[in-house]
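The values are calculated or read from the model by the stated rules, or taken from the named source; none is laboratory data. Quick caveat: nothing in here was measured; it's all calculated off a predicted structure. Cβ placement follows ideal geometry from the backbone for every residue including glycine, while neighbour counts extend to all protein chains displayed. Surface areas here come from the heavy atoms of the whole protein model, side chains and all, with no ligands, DNA or RNA. Shrake-Rupley method; radii C 1.70, N 1.55, O 1.52, S 1.80 Å.
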Amino acid sequence: NKALVVAGAFVGCSGIILTLVMCRAMNRSVQHVLLGGFGEGSATQIKPTKNDGEEQGSVKTVSAEDVVDTLTDSKSVIIVPGYGMAVAKAQHSIAELTSRLRARGIQVRFAIHPVAGRMPGHMNVLLAEANVPYDITLSMDDINADFPETDTVLILGGNDIVNPGAQTDPDSPIAGMPVLEVWKAKQTIVMKRSLRVGYAGVDNPLFIKPNNSMYLGDAKQSTEKLVQLLGEAAPALVDVDIENLGKAEVKVDKFFEQIPKLQEEAFMKLGVVKEVTENERKVAIVPEGAKRLLKAGIQVVVETSAGDGGDFFDSQYREMGCQILESAQEVYESVDVVVKIREPTTHPVTGLHEIDMLAEGMTMISFVGPRFDSGKDLMNRAVERGVNLLAVDAIPRISRAQSLDVLSSQAKIAGYHAVIQAANTYQRFLNGEVTAAGSFPATKVLVIGAGVAGLAAIGAASNLGAVVHAFDTRLETKEQVESLGGEFLVLEFGEEDGGDKAGYAKVMSDSFYEKEMEMFREQAKECQIIITTAAIPGRKAPVLIKEDAVDAMKAGSVIIDLAGASGGNCELTKPGETIVTPKGVTVIGTDMTNQAMSWQASTMYSNNIINLFDILAKEKKFNIDMDDTVVRGMTTVYEKKITFPPPESVTTTTAAPTKRPEPTMEHVAKEPKESIWEQRVFDLAPLGEFVLLLNAAIFFGIVAAYAPVSFTQQLGYFILAGFLGYYLIWNVEPALFSPLMSTSNALSGVVILGGMLMVSNDTGSPASTLGCVATGVAAINVYGGFGVSYRMLLMFKK
């Protein structure tokens, strides 16, 4: 009996909690869901007309070919699975579609609504079964903020979970229900069998929004058609059958046949010159990038040997349709826009400043350093020459500009290379090793600064097995550090915050720095590798590692100072040099120019620039649109006027610490009336709580007066098991509710104990026979429930 009571309490708790979770996800009370409903069912057809004041429009349907064109033209896609996917069993088809889109370099993620499907976690299990990577499956709360920056959202069999009426129509039966805000994306495509309403029985205004299209048909068949049209996931350039080599079919890129025509139709010329800064090996546009630009109508003109330092040779540029000229002067005279990497300077051959080599009205895109005095001199020179100057190091740190952010792409390489360089210099295992030749502890690494470079260093060091500690004045980076395997060092110092409105580190107080350096001195005694990345835009890098901290490190230890270009974070750093202290500590003063990985750095910079031209050269025309946030933020000189710094509204980013506003419903005019049960009694507690307490007191009074002792004991077991079940089950992630219910189902098989007791009766008696049957059925329930749970949990492994 005790076992039955405890198991029953667990099963009851899981069911009750599941009900509460679903009610909360629908913003409904338990009574409303159990006794009422949403609408009139799912048999109603969407209404063709609307009342006055309601949104009006027409439904636009598209074909499978149109959907494929939209998906392949997108850079980011979010797929919203709904109950329709489960009914059609389309999860494997959608997984294959995801694989093929990702093979094309398209970012694909899944947005899961808490009540999509039969229960929370239903969609997660189906996607996990189809081997969709768990790390691209995100909950509603995690992904809702990303819809405005998403190119295409594909809704697969979902209706009420994406209905904007929940936010815009206070009279709607689903008003207030949290929904996936898909309509904020640039384009939405809804895959449904028909235009019928969903469970709530209400119209969905999403269907008639101008940025929405309807792809009607069976979910599985429609998805399989999309997969078929997308072709192979990773098509090879040449497909050769060794046994039938002479009959092999060779797939040739049609681009090479179209080069002459594309060159004729090009609407502008983009110049790429060889960098003249000493030891600079990178190039602004790589051959593969030139191919993409020519397809977009931009002819690339390259100075001979401009890419040799990064292993990009003239022959590769010619193959991609580029024009090769013998000198930088010829390039400057024949193009409309010049793109560089390093800041413009005096050209060693012509003796002219690179800005002065441009004709009036032309545009240069490069690093400028507008916050420094040298950058201000460049801006003044550009004004005098009448040249537009765009600074790639001033691109705003907003979600939309992530694909253009050259600082992030170059910093990522620098952080990765810093770990490789440190490991090579340190000449010891980074991971712990236990061998026949001895035991070697893991290397301890300290990373100062958790920006892009710091996070890349943390990830690389963790992957190599090192024990990584990290520090940043911006506490919001703590979760990022820990997600990469690092331990975040927290410096308790009142309310002082280390981030500015642009998301960069800011200057801290002197007392804060003293506390910082005291902490670093203690860390230096334990760590063998220190990587510093702390920099403040427009200022000298703060000195964080004093000489006494360096002296505290063990002989053979290494310091990689990535802030060397702005003075260095270590007191002993000499920019561009490697020194060894008398106590055997190597200090390498480097920067983030990535000369040691020039191929990788050039390729990523080139991709950033090409993505930038998607904004600058819309509709086959080069245009510096000062109304565009990204363009306004990076434009330092325009039409002979200095435009830097931009307005604060442009530079403010979500990376800055801000207080999250309380969620509100859009356009809700009516205030909800307070329920009678919510009214407070004597200003102590709501009436509902008083009634509940009174009923509980009456119940326990009756139990105490009339119930036998055995019942009281069983009731006590039930209450204690209920509390335990509540605290165990409530903390389960919604994505795992399906395995949870399967486990609960297995626990309900505890009735096997009763069957086993019945078997002990006289052989052949009805009680014994029924006991055998009950034991067999309960055994199936137990073993099957745990087996299914185990199988489902295995699906969620990354």
Counting Lys and Arg as +1 and Asp and Glu as -1 over every other residue whose Cβ sits under 14 Å from the Cβ of F267, the net charge comes to +2
For segment 216-222, Karplus-derived ³J(HN,Hα) couplings (6.51, -1.76, 1.60; θ = phi - 60°; whole Hz; x for glycine and proline) come out as 8, x, 4, 4, 5, 5, 5
For the table K340/K444; K186/K620; K184/K412; K184/K641, the rows whose alpha-carbon distance is greater than 29 Å are K340/K444; K184/K412; K184/K641
FRET efficiency for E526 and D135 from the Cβ-Cβ distance with R0 = 35 Å, rounded to 0.05, comes out at 0.60
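Are any of the pairs K478/K525; K209/K618; K220/K291 more than 27 Å apart by Cα-Cα distance, and if so, which? Please report the intermediate quantities before stating the final value.
On the way: K478/K525 23 Å; K209/K618 24 Å; K220/K291 37 Å.
As for pairs spanning more than 27 Å Cα to Cα, those are K220/K291.
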Of the accessible area of segment 282-337, computed with a 1.4 Å probe and all protein chains kept, carbon and sulfur make up a percent value of 44 percent
If R0 = 25 Å, then D308 and E333, at their Cβ-Cβ distance, give a FRET efficiency to the nearest 0.05 of 0.65
In Å², rounded to a whole number, the accessible area per residue of segment 358-471 with probe 1.4 Å is 40 Å²
Scalar couplings 3J(HN,Hα) for segment 319-324 by Karplus 6.51 cos²θ - 1.76 cosθ + 1.60 (θ = phi - 60°), nearest whole Hz, x for Gly and Pro, are 4, 8, x, 7, 9, 9
Given backbone amide H placed at 1.01 Å from N, residues whose amide H is under 5 Å from that of I530, ignoring those fewer than 5 places away on the same chain, are L446, V558, I559, I560
Protection proxy (average C-beta count within 10 Å per residue), highest first, orders 602-608, 526-532 as 526-532, 602-608
Heavy-atom accessible area of segment 572-652 with neighbours in place, 1.4 angstrom probe: carbon+sulfur share in percent works out to 51 percent
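If I take R0 = 60 Å and measure r between the Cβ atoms of Q228 and Y706 in this structure, what FRET efficiency does the formula 1/(1 + (r/R0)^6) give, to the nearest 0.05? Intermediate values should be presented prior to the final figure.
Numbers: r = 71 Å, r/R0 = 1.19.
Computed FRET efficiency for Q228 and Y706: 0.25.
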Descending packing, highest mean Cβ count within 10 Å first, for 454-461, 559-566 is 454-461, 559-566
With label points set 7 Å from each Cα along the Cα-to-Cβ direction at E482 and I642, the distance between them in nm comes to 4.5 nm
Percent relative contact order for segment 434-495, counting Cα pairs under 8 Å at least six residues apart, stands at 31 percent
For the pair F622 and I719, the simple spin-label estimate (label points 7 Å beyond Cα toward Cβ) gives in nm 8.0 nm
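When the chain is fully extended, how far beyond the present Cα-Cα distance does L216 get from E514, taking 0.36 nm per residue of separation?
100.8 nm
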